[in-house]
Amino acid sequence: GAVVSQHPSRVICKSGTSVKIECRSLDFQATTMFWYRQFPKQSLMLMATSNEGSKATYEQGVEKDKFLINHASLTLSTLTVTSAHPEDSSFYICSARDPLAGDNNEQFFGPGTRLTVL
Amino acid sequence: GESVGLHLPTLSVQEGDNSIINCAYSNSASDYFIWYKQESGKGPQFIIDIRSNMDKRQGQRVTVLLNKTVKHLSLQIAATQPGDSAVYFCAETNTGGFKTIFGAGTRLFVKA
């Protein structure tokens, strides 16, 4: 199956700093990628849909100026958490659709990035 | 403000028994449903999917049932093994909208 990677897998930063998380589709081109956030013992919450070459679509309640998304190529989307605070500590997961994988909506998930803000 | 943590429902089964995990979905317009398995510290892993024009689909040791009348999905795991211990999420999406929404999740614990 298609492979999606994330970097870094784990990051610890100080409050007020910015952190960039990368999501890459390794063996396919993804016109659409998705960013999720998952707090402990909770489900995945969709933050935004990242579209290659255009602006991301953010879910209600997600601040676009705080969570900057860039999808500059068909294999890379980045999520930057700006001015991070302890409440931003979470598990961030990306996923990507392979447009050539048939007419279903199967998404391939990355391994996640654990962000801890001190 | 004060935050309240949510606790995932837990299903505990004996190794070798069958497991049934249930899920209620929210959107009547959803037409594609997926079950994912998530192990601790990892991303979700695809298990099985089903389209809304079906009510049952079988895979290897897993079966998904869909009841559109009551908007209910279930995942059946046959001969549950310790390696099946994980959190299981159902997800719903619409082939026109592409956005996938995850259910609350169930933690499966397999006793050896």
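The values are calculated or read from the model by the stated rules, or taken from the named source; none is laboratory data. This structure is a prediction, so every number in the text was calculated from the model and none was measured. Counting neighbours? That spans all protein chains shown, and the Cβs are built from the backbone with ideal geometry, glycine included.
Structural remarks
- Some residue of region B:83-102 being in contact (Cβ under 8 Å) with a residue 24 or more places away in the chain, among the acidic types (Asp, Glu) and closer than 18 Å to residue A:37 by Cα: yes
- Members of region B:62-82 that are without any contact (Cβ under 8 Å) to a residue 60 or more places away in the chain, loosely packed, with under 15 Cβ neighbours inside 10 Å and assigned to a loop (DSSP other than H, G, I, E, B): B:69, B:70
- Filtered by the rule that a residue be more than 11 Å from every other protein chain (Cβ to nearest Cβ), assigned to a loop (DSSP other than H, G, I, E, B) and within 16 Å of residue A:71 (Cβ to Cβ), region A:27-59 gives A:28, A:29, A:30, A:52, A:53, A:54, A:55, A:56.
- Only one of A:46, A:68 that is on the phi < 0 side of the Ramachandran plot and in contact with a Phe, Trp or Tyr (Cβ under 7 Å, 6 or more places away or on another chain): A:46
- Residues in region A:80-100 that are more than 11 Å from every other protein chain (Cβ to nearest Cβ), under 16 Å from the mean Cα position of the chain (by Cα) and small (Gly, Ala, Ser): 4 in all.
- Any hit, region B:83-104, residues being of a type in the set (Phe, Trp, Tyr) and part of a loop (DSSP other than H, G, I, E, B): yes
- Residue in region B:20-32 that is of a type in the set (Gly, Ala, Ser), over 16 Å from the mean Cα position of the chain (by Cα) and either more than 14 Å from chain A (Cβ to nearest Cβ) or under 30 Å from residue A:87 (Cα atoms) (or both) present: yes
- Filtered residues of region B:94-112 (kept if closer than 18 Å to residue B:75 by Cα and either aliphatic (A, V, I, L, M) or modelled with pLDDT of 95 or more (or both)): B:101, B:104, B:106, B:107, B:108, B:109, B:110
- Checked against the criteria, residue B:95 counts as of a type in the set (Ser, Thr, Tyr) and out of contact with any Ser or Thr (no Cβ under 8 Å at 6 or more places or on another chain).
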